[in-house]
Amino acid sequence: DSAGGGGASAGQSSSSDSSADGLDITVADGIRTIRLNRPDKKNALTHAMYRGILNSLKEANDDANTRVIVITGTGDYFCSGNDLGNFANVTDPMKMAKDGRDLLMEYVDAYIYCKKPLVGILNGPAVGISVTVLGLFDAVFTTDKATFTSPFSALGQSPEGCASYTFPRIMGYAKASELLYFNQKITAAEAEKLGLVTQVIPHDRLEAEAWKRVRDIAQLPLKSLVYSKDLVRGRERELLHQVNVAECDRLQERWTSEDCMNAIMKFFSKKSKV
Amino acid sequence: DSAGGGGASAGQSSSSDSSADGLDITVADGIRTIRLNRPDKKNALTHAMYRGILNSLKEANDDANTRVIVITGTGDYFCSGNDLGNFANVTDPMKMAKDGRDLLMEYVDAYIYCKKPLVGILNGPAVGISVTVLGLFDAVFTTDKATFTSPFSALGQSPEGCASYTFPRIMGYAKASELLYFNQKITAAEAEKLGLVTQVIPHDRLEAEAWKRVRDIAQLPLKSLVYSKDLVRGRERELLHQVNVAECDRLQERWTSEDCMNAIMKFFSKKSKV
Amino acid sequence: DSAGGGGASAGQSSSSDSSADGLDITVADGIRTIRLNRPDKKNALTHAMYRGILNSLKEANDDANTRVIVITGTGDYFCSGNDLGNFANVTDPMKMAKDGRDLLMEYVDAYIYCKKPLVGILNGPAVGISVTVLGLFDAVFTTDKATFTSPFSALGQSPEGCASYTFPRIMGYAKASELLYFNQKITAAEAEKLGLVTQVIPHDRLEAEAWKRVRDIAQLPLKSLVYSKDLVRGRERELLHQVNVAECDRLQERWTSEDCMNAIMKFFSKKSKV
């Protein structure tokens with residue numbers, strides 16, 4: 001059923017296919033679709049994928065063919081977060097941390113400065129960075145099979161994606177702490193109750209219903225959408241950028257900390273045993 | 001059952017009856033009642049009604065007889081929003097847009113700078129400007145028959161009433177977008193879940209229960225109420241005013257845009273066919 | 001079952017027992033437990049208790065043995081709020097009000113500047129100041145028997161504990177008003193729905209489940225927790241302090257007002273009749 005694929009349909013594609021990088025990016029019928037396409041790795045984000053997504057988000061701002069942007073995934077997971085392989089085979093940890101900080105900052109800035117409606121269609125569980133940036137989306141439609149977790153402190157790390165700012169504003173401090181400090185996993189229904197996502201849709205109807213909504217959005221007057229988003233988000237952009245810098249600076253320190261090193265080593269040693 | 005009418009009871013009225021304008025304004029027993037009274041037009045707001053409401057809100061600040069302010073409506077609708085007749089027979093669109101901007105700004109400022117407890121008793125559906133200003137109320141009691149919708153982008157317009165600021169803070173971005181960008185209608189139960197309204201009351205008990213609450217509020221120490229509201233709202237007033245200016249400036253541009261003109265023309269042509 | 005007592009277990013206690021003051025403070029296994037221990041007075045806060053809590057919170061910031069702080073209570077109530085006995089036998093009302101203001105400001109500042117995870121385990125109803133400071137906690141686990149009320153305006157007073165800032169951000173204005181202006185009591189389930197508390201736990205499982213969570217938190221990398229909290233709260237601390245000052249200044253005025261005097265006298269005359 002190709003209709004379910006929405007932006008994945010033929011024609012009008014203005015971006016070259018980048019599936020080699022774990023991404024499928026297409027633009028059709030006003031809809032820019034950024035599809036995480038690395039299902040064998042639960043759509044974990046490699047550096048190339050970060051770069052591909054952020055470039056596409058930037059491109060969308062001035063692309064007349066993009067009226068709405070969708071981020072979605074292929075397979076069972078929406079996104080399992082940062083690929084911990086990004087921490088493997090590191091010869092210069094300080095350089096790794098500095099480069100990681102710079103890339104993450106540019107990645108999250110691309111969400112902060114995104115001018116057009118940004119819609120998530122979550123086909124499965126979301127982890128880490130794919131959870132925290134949700135506070136920068138305009139709408140999130142999620143399967144009832146999704147879960148949400150960002151186990152920062154368990155990994156010796158700390159929040160990113162501006163979640164240290166957006167999550168308490170969305171759901172209050174006593175709830176945000178469960179995700180930001182205490183490594184709790186929540187269900188799609190809980191995420192909806194907290195206001196982190198727009199709507200939970202039964203798994204077998206997600207594609208049809210969410211893409212229907214996206215196609216409707218693509219028909220709305222673009223200027224009204226862009227100006228409305230600017231009224232809601234414009235005033236906060238500079239502050240969000242500062243939050244992003246503070247979060248990334250902290251992660252640069254965390255990534256070379258004993259806490260993080262130990263947690264990552266434990267992860268790889270567990271994995272190698274399996 | 002006149003008891004249900006609350007502030008509509010006899011005596012102590014300090015304002016002249018203004019029902020000719022589609023408004024009934026009375027002050028009695030410490031309760032200033034602003035009643036939208038144009039049920040044949042679903043209480044759509046004419047320029048005279050905007051003016052009457054904002055004057056009454058301003059007057060309340062220094063009126064010793066006003067301890068609490070109630071806005072409610074007569075008939076099936078609470079308020080169907082801006083009367084699109086305000087856009088009809090316009091000879092000078094630029095002047096219409098400028099005058100509309102000035103009036104809207106003064107209208108919303110009257111809510112921002114309202115010092116006393118402001119209570120909504122919603123007798124039916126709310127649309128547009130009657131939804132967006134709810135973020136500036138202190139309490140909203142609503143019938144279970146109410147719905148809430150503000151179809152800005154469908155009409156080529158953009159949010160007002162400070163909703164671009166208050167709604168994301170009340171309900172989070174992923175939910176606010178449904179009302180502010182994507183023209184979705186929500187039920188009273190959903191509005192309560194989102195924190196936009198205080199309490200949903202079954203339709204046949206709304207009058208009795210909501211007015212009981214209002215009468216109780218009118219008995220509380222006024223200074224404690226005014227000072228408490230000032231602690232909550234005072235710090236944000238200047239920012240809210242800036243939000244109001246930005247929203248109104250944007251609407252002035254929108255009202256003369258092709259997007260909006262087309263949408264309004266479609267509305268009137270549909271109407272003339274019926 | 002002493003395990004249920006968590007931090008109350010033997011050994012490693014770095015604070016002298018202060019149960020004479022209505023407080024039990026212990027530090028063990030990384031957990032600093034501040035236990036309100038005045039059950040015959042529903043754990044109402046005396047000046048000595050305010051002082052003991054704020055000193056313990058300050059001490060925790062630099063205490064290597066404290067990884068997480070728990071505030072809980074003994075008996076049926078979590079805390080019935082400010083002991084109205086603090087208003088009794090006052091010979092110099094102006095001095096009473098000034099001293100009360102200074103103490104309250106220092107008390108709330110201790111929460112604002114608390115660097116480590118602060119967890120509430122609410123064993124029963126919470127009133128007044130014990131409700132308002134909840135917006136400064138990182139997690140709140142509550143029995144389903146708890147209720148929440150802060151009857152400020154009924155007592156001629158006004159909000160404190162930074163609730164005039166935190167509550168609208170947590171639950172929206174239309175809900176915050178019920179607690180901050182209109183003296184409404186809410187249930188634990190409602191408090192959870194509003195995001196004021198993290199989780200409601202059936203009464204007979206509260207001790208086991210909440211202390212399990214606390215022990216898990218005490219095992220997490222402390223630096224990640226402290227840095228994460230700093231990202232979430234650090235940016236707001238100066239503003240929260242200003243909110244605290246404004247609230248305390250207002251209460252100083254309120255405590256010597258006729259509104260408050262009358263309400264307190266009514267309270268004591270009712271009590272003397274019983």
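The values are calculated or read from the model by the stated rules, or taken from the named source; none is laboratory data. Everything numeric here is computed off the predicted structure, so don't read it as measured data. Backbone-built Cβ (ideal geometry, glycine too); neighbour counts: all protein chains shown. For accessibility, only protein heavy atoms count, side chains too; no ligands or nucleic acids. Shrake-Rupley method; radii C 1.70, N 1.55, O 1.52, S 1.80 Å.
Summary of values
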| quantity | calculated |
| --- | --- |
| For region B:161-169, 3J(HN,Hα) per residue [Karplus equation, 6.51 cos²θ - 1.76 cosθ + 1.60, θ = phi - 60°, Hz, x = Gly/Pro] | x, 6, 5, 5, 9, 6, 4, x, 6 |
| Complex-versus-alone comparison for region C:203-221, residues with a loss of 40 Å² or more in accessible area, probe 1.4 Å | C:R213, C:L220, C:P221 |
| Of all accessible heavy-atom area on region C:54-174, the percent that carbon and sulfur account for (1.4 Å) | 51 percent |
| Rh by Kirkwood over Cα pairs, then Stokes-Einstein D for the protein assembly as shown at 1.306 mPa s and 10 °C, µm²/s | 56 µm²/s |
| Buried area at the A-C interface (accessible, heavy atoms, 1.4 Å probe, summed, Å²) | 2500 Å² |
| Residue-averaged [θ]222 nm for the protein assembly as shown, counting only DSSP H segments that reach four residues, each worth -39500 (n - 2.57) | -14500 deg cm²/dmol |
| Globularity ratio of region C:122-274, using Cα Rg and 2.2 N^0.38 Å | 1.17 |
| Between helix A:47-61 and chain A: long-axis angle, C-alpha atoms, 0 to 90°, nearest 10 | 30 degrees |
| Averaged over A:225-237, number of beta-carbon atoms from partner chains that fall within 10 Å | 6 |
| Computed lengthening from A:D249 to A:L84, 0.36 nm per intervening residue step minus Cα-Cα distance | 57.5 nm |
| Kirkwood-based Rg to Rh ratio, region A:212-257, C-alpha trace | 1.29 |
| Of all chain C residues, the one whose C-beta is nearest the axis that brings C onto A, in angstrom | C:R169, 4 |
| FRET efficiency, 1/(1 + (r/R0)^6) with R0 25 Å, evaluated for A:D99 and A:K270 via beta carbons | 0.45 |
| Volume per residue of the C-alpha convex hull in region B:50-167, rounded to whole Å³ | 118 Å³ |
| Other-copy label distances relative to C:D40, 7 angstrom Cα-Cβ extension, nm | 7.3, 7.3 |
| Average beta carbon contacts from partner chains per residue of C:178-185, 10 Å cutoff | 5 |
| Label distances, nm, C:N55 versus same residue in remaining copies, Cβ-directed 7 Å point | 6.3, 6.3 |
| Other protein chain Cβ atoms within 10 Å, averaged over every residue that makes up C:145-155 | 2 |
| Karplus-derived HN-Hα couplings along region B:130-135 (A = 6.51, B = -1.76, C = 1.60, θ = phi - 60°), whole Hz, x at Gly and Pro | 6, 8, 5, 6, 4, x |
| Straight-distance crosslink candidates among aspartates and glutamates, where the alpha carbon sits under 14 Å from C:K41 and sequence neighbours closer than 8 are dropped | C:D21, C:D76, C:D83 |
| Normalised alpha carbon radius of gyration of chain C [divisor 2.2 N^0.38 Å] | 0.96 |
| Flagged links, alpha-carbon separation over 22 Å, of A:K266/C:K229; C:K95/C:K270; B:K193/C:K185; B:K98/B:K175; A:K145/B:K175 | A:K266/C:K229; C:K95/C:K270; B:K98/B:K175 |
| Inter-centroid distance (Cα atoms) of region A:123-156 relative to region C:127-190, Å | 29 Å |
| C:R237 paired with B:T187, simple spin-label distance in nm, labels 7 Å along Cα-to-beta-carbon | 4.6 nm |
| Residues in region B:81-113 that a label on B:M261 would reach, taking backbone N under 11 Å of a point 7 Å out along Cα→Cβ | B:93-94 |
| Using a 7 Å Cα-to-Cβ projection, C:P93 label spacings across copies, nm, ascending | 6.5, 6.5 |
| Residues of the protein assembly as shown: accessible area per residue with a 1.4 Å probe, Å² | 38 Å² |
